[in-house]
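Input: a single structure, listed below in structure tokens.
The values are calculated or read from the model by the stated rules, or taken from the named source; none is laboratory data. Remember, it's a predicted structure, so these values are computed and weren't measured experimentally. Cβ atoms come from the backbone with ideal geometry, glycine included; neighbour counts cover every protein chain shown.
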Amino acid sequence: MSQTSLPPRSESRGQTKPTPAKGKKPKKVKKRKRGLSIFLGVFAGLLILVAAALGYVVLKTTDAIDNISSVSNNDEGVKVPVAESVKKKPVAMVLMGLDSRSHGGGLNTDVMMVAAFDPETKKATVVSIPRDTYIAVEGYKGRKANSIYAAFYSDAKSKGADTEKAQLAGKKAVSDVLGKLFEIDIKYAGIINFQGFSDVVDAVGGVKVNVDMRMKYTDNADGTKIDLQPGIQNLDGDKALDFVRYRKSNDGRNMSSDFDRNRRQSEVIGAIVDKLTSLGGAAKIGSVIEAVGNNIRIDMPSREITRMLETYYSVRSDDITFLALDGVWRSPYVYADETSLANVRTALKEKMGE
């Protein structure tokens, strides 16, 4: 074996000059390996940055969701099994808008919507209710829709309830009254102040809408200054809020009814939804949830809010049917049209699978 063993490479090949082609090959391999190493290093770095960014968004989102929820996950009465959750069963909720700068600071609800969601189809039906609608149902005194929350909030306060319990009392009353009106089970109620509406619009980079008339109104008492020209345009948060709230000009011209405002609210909500589901919208979801978290309180456990986001994150405006409860104005109330009420009931019941 010793006579046939090959000598070391340094001795057998050290004196043989390699051909040019073979001499270049090792250098190419080294360059490729070096380039591949650099690429993998950069790629790994990007993955770490993305993971860190996602972790930051998740943490922000978790904090925001905990802030949005007005009930504790540790309360045995609010634990919802997955089989009974929003991931598996249709759910209805009422959303109310208040002219305030903090949770529950105001009382009369200028905006009222009932929304029903179906997790199987990933579709929703949203019904706008004129604020002055007269509502009389069994067990409750007849009154304007926008005063229900205020009445029960104030009553709870007068009996010694703290702010959070008073808010829950007001929300429960609104859910019960509108549930009886529409003949469905409204499980949750949420309140968002108008600053939250403005912040969400800004978080998605504004919304493109058609301003349907010249809107100019000033109220020095509360600092309102609405000044919008008609036409299709991109509105920031403050101007979008002016767009949905506009009622009339100072000289009484260019009147805008509750029905007009409800239509505009639906238009802006649809534009926000489309912005979030468009290319690049996912990058804004953290900012949107943070904006909502600072300005909304809903009596839904935070785990259910998370499940709601997971279930309906891909919903577009085409997946939402916007309806309005129509009626006739006879001062000081709007009286619901019976045909419109029947149609709205049917639509909500169908979405709830009833």
So which strands (runs of 3 or more DSSP E) stay within the range 79-190 end to end and still have 1 or more residues that are under 18 Å from Pro301 (Cβ atoms)?
91-98, 109-118
Ile192 vs. criteria surrounded by 14 or more Cβ atoms within 10 Å (Cβ to Cβ) and at pLDDT 95 or above
no
Among the residues of the range 275-288, are any polar (S, T, N, Q), over 20 Å from Leu95 (Cβ atoms), free of Cβ contacts under 8 Å to residues at least 40 places away in the same chain and in a helix (DSSP H, G or I)?
no
Since Asp227 meets every condition but one in (1) farther than 21 Å from Gln265 by Cα; (2) in contact with a strand residue (DSSP E or B) (Cβ under 6 Å, 6 or more places away or on another chain); (3) surrounded by fewer than 16 Cβ atoms within 10 Å (Cβ to Cβ), which condition does it not meet?
(1)
Return the only residue of Arg263, Arg297, Arg247 being assigned to a loop (DSSP other than H, G, I, E, B) and either out of contact with any Asp or Glu (no Cβ under 6 Å at 6 or more places or on another chain) or under 30 Å from Asp63 (Cβ atoms) (or both).
Arg247
Does the range 152-169 contain any residue that is buried (at least 16 other Cβ atoms within 10 Å of the Cβ) and under 20 Å from Gln265 (Cβ atoms)?
no
Return a yes/no flag: does the range 215-224 have any residue that is buried (at least 16 other Cβ atoms within 10 Å of the Cβ), at pLDDT 85 or above, touching a Phe, Trp or Tyr at 6+ places or on another chain (Cβ under 8 Å) and more than 30 Å from Ala169 (Cα to Cα).
yes
Expected single match for under 30 Å from Thr311 (Cβ atoms), in contact (Cβ under 8 Å) with a residue 12 or more places away in the chain and among the small types (Gly, Ala, Ser) among Ser154, Ser198 is Ser198
Selection within the range 301-328 - modelled with pLDDT under 90 and aromatic (Phe, Trp, Tyr):
Tyr312, Tyr313
Which of the residues that make up the range 193-222 are assigned to a strand (DSSP E or B) and in contact with a helix residue (DSSP H, G or I) (Cβ under 9 Å, 6 or more places away or on another chain)?
Val207, Lys208, Val209, Asn210, Val211, Met215, Tyr217
Please verify whether the range 141-153 includes one or more residues that are out of contact with any His (no Cβ under 6 Å at 6 or more places or on another chain) and at pLDDT below 90.
no
Can you tell me how many residues in the range 315-345 are assigned to a helix (DSSP H, G or I) and more than 25 Å from the chain's Cα centre (by Cα)?
6
Could you grab me the full set of residues in the range 232-270 that are closer than 20 Å to Arg131 by Cα and of a type in the set (Val, Ile, Thr)?
Val244, Val268, Ile269
Within the range 200-214, residues within 27 Å of Val273 (Cβ to Cβ) and surrounded by fewer than 19 Cβ atoms within 10 Å (Cβ to Cβ) come out as Asp202, Gly205, Gly206, Lys208, Asn210, Val211, Asp212, Met213
